[in-house]
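Each remark here refers to the structure printed beneath this line.
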Amino acid sequence: MLIKKCARCGALVPYGVKWCESCKPDAEAEEQAAKAARLARADKKRADEVTKFYRSKEWLRLSKAYLQSVGYRCERCGRIAECVHHKHYVRRPGGWERRLDWDNLEALCGECHAVEHGRKKQRVPGGSTAETRGRSKF
């Protein structure tokens, strides 16, 4: 059997094993922390890419044209639309590819947009409210 040194303490371990039994828990915890940090950096880079997209000329032109095409009316409640919403969210899988797809857009007023993203409760007839978080069609 081939043996080598533990990557942390230098104890002898079988070839193909990184750490000895005493180092293994700490080393695995450090690896998990490093992986989480890499994922956080990737998420930030992705968030920066999305922010850049929403400030781009192509998005500003498309969203303005879409609002004009629906007469500046919210497609859910009929009030004046304030924003263009992506049905398939840009930050979710498959959404980035459909970010400029006309059929993926929906004109919404501020309240309907807040309800869609779970930032506000939806008003229902009778004056009460109903929680709508996670209610998205897609």
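Observations
- Of all residues in segment 64-90, those satisfying the criterion of being assigned to a helix (DSSP H, G or I) and over 15 Å from G110 (Cα atoms) are K64, A65, Y66, Q68, S69.
- Near pairs, Cβ below 6 angstrom, 6+ apart or cross-chain, from segment 69-81 (in the same structural domain as A114 (by TED's automatic domain parsing) and of a type in the set (S, T, N, Q)) to any residue that is outside any loop (DSSP other than H, G, I, E, B) and modelled with pLDDT of 95 or more: none
- Residues that are under 35 Å from the mean Cα position of the chain (by Cα), surrounded by 12 or more Cβ atoms within 10 Å (Cβ to Cβ) and of a type in the set (A, V, I, L, M), drawn from segment 11-52: A27, V50
- For segment 1-59, taking the residues that are among the acidic types (D, E) and under 26 Å from P93 (Cβ atoms), the one that is modelled with the highest pLDDT is identified as E58.
- Residue that is under 30 Å from E82 (Cα atoms), of a type in the set (D, E, K, R) and more than 21 Å from the chain's Cα centre (by Cα), where the choices are R61, R8, R55: R61
The values are calculated or read from the model by the stated rules, or taken from the named source; none is laboratory data. Predicted, not measured: the structure shown is a model, and the values here were computed from it. Because the Cβ atoms are built from the backbone with ideal geometry, glycine has one as well, and the counts that use them run over all protein chains shown.
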